[in-house]
Amino acid sequence: MTREAPWLGLATVVLSGAALTVWALVVRPEPAEYLRELQRLPLWLAILGIGGFALVNPVWEELLFRGVLLSELAAVWGSWAGVVLQAVLFGVAHFAGFPSGAVGMIMAGSWGFVLGVLRLRSGGVLIPYLVHVTANLAIGTIAVMVLR
C-alpha cells in the first residue's frame, strides 16, 4: 500500500459526502420508498440498518468492479484504461441508485474511478472496501437526515 492511499480514501469519503449533501439540499429529491421507511424508524435503528447495508453491499461491488473487472480490463488494456472502464460500468450500474439518473451515474462513476485508483495504489480490495463502507454509512445517514 502506498502512503497516500489512506489519505485519498479519507478525502474521497469527505468530498463525496459533501457533494451528496449539497446535491440533496439543492435538488430536494423525493425520497425512495425504502428511504421513507428508514426515516420512520428511530434514528439509531435507521443508522443500524444503514450500517448493515454498508457492510454487505460493498463486498460484492468491490469484488466485482475493483476485483474481477478491473483486474481483467487492466490485463487486456492496461491499468488506467481498466480503472476508467470499470468506473464507467460502476456508474451505469448505479443509474437507479441515490441519486438516480445521469447525475447519479456521473457521481457513482467518479466514485468508482477513485475506488479504482485506491485499488491500484493499495494493491488489493481491502482499502477500497473500507472506504466504500465508510462512504455508504455517510451517504445513508445523510439521506435519512437531509431528505425529510
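Taking only pairs six or more apart or across chains, which ones have beta-carbon atoms under 6 Å, a first residue in the stretch 123-141 that is closer than 22 Å to Thr21 by Cα, and a second residue that is open to solvent by 30 Å² or more (accessible area, probe 1.4 Å) and of a type in the set (D, E, K, R)?
Pro128/Arg119
For the subset of the stretch 1-26 comprising residues that are assigned to a helix (DSSP H, G or I) and open to solvent by 80 Å² or more (accessible area, probe 1.4 Å), which member is farthest from Ile127 (Cα to Cα)? Please lay out each step first, then the result.
Of all residues in the stretch 1-26, those assigned to a helix (DSSP H, G or I) come to 5-26.
Okay, now just the ones that are also open to solvent by 80 Å² or more (accessible area, probe 1.4 Å), so 7, 10, 14-15, 22, 25-26.
On the way: Trp7: 11, Leu10: 11, Val14: 16, Leu15: 17, Val22: 26, Leu25: 30, Val26: 31 Å.
If we take residues in the stretch 1-26 being assigned to a helix (DSSP H, G or I) and open to solvent by 80 Å² or more (accessible area, probe 1.4 Å), then Val26 is farthest from Ile127 (Cα to Cα).
Give me the residue from the stretch 27-63 that is closer than 20 Å to Gly124 by Cβ and β-branched (Val, Ile, Thr) and, out of that set, most open to solvent (accessible area, probe 1.4 Å). Don't jump to the end; show me each part of the working.
Just the residues of the stretch 27-63 that are closer than 20 Å to Gly124 by Cβ, to begin with: 54-63.
After this cut, where a residue has to be β-branched (Val, Ile, Thr) as well, the list is 56, 59.
Working: Val56: 100, Val59: 66 Å².
The residue in question is Val56.
Looking at the structure I just gave you, is Arg66 surrounded by 12 or more Cβ atoms within 10 Å (Cβ to Cβ) and either on the phi > 0 side of the Ramachandran plot or not β-branched (Val, Ile, Thr) (or both)?
Values: surrounded by 12 or more Cβ atoms within 10 Å (Cβ to Cβ): yes; either on the phi > 0 side of the Ramachandran plot or not β-branched (Val, Ile, Thr) (or both): yes.
Yes.
Looking only at the stretch 128-148, which residues are out of contact with any Ser or Thr (no Cβ under 9 Å at 6 or more places or on another chain), surrounded by fewer than 22 Cβ atoms within 10 Å (Cβ to Cβ) and hydrophobic (A, V, I, L, M, F, W, C)?
Leu130, Val133, Leu137, Val144, Met145, Leu147
Residue by residue through the stretch 70-125, note down the ones that are in a helix (DSSP H, G or I), at pLDDT below 90 and surrounded by fewer than 16 Cβ atoms within 10 Å (Cβ to Cβ).
Gly101, Val103
The values are calculated or read from the model by the stated rules, or taken from the named source; none is laboratory data. Please read these numbers as outputs of a predicted model, since none were measured by experiment. All Cβ positions, glycine included, derive from the backbone under ideal geometry; neighbour counts span all protein chains shown. Protein only, heavy atoms only, side chains kept; ligands, DNA and RNA dropped before computing areas. Shrake-Rupley method; radii C 1.70, N 1.55, O 1.52, S 1.80 Å.
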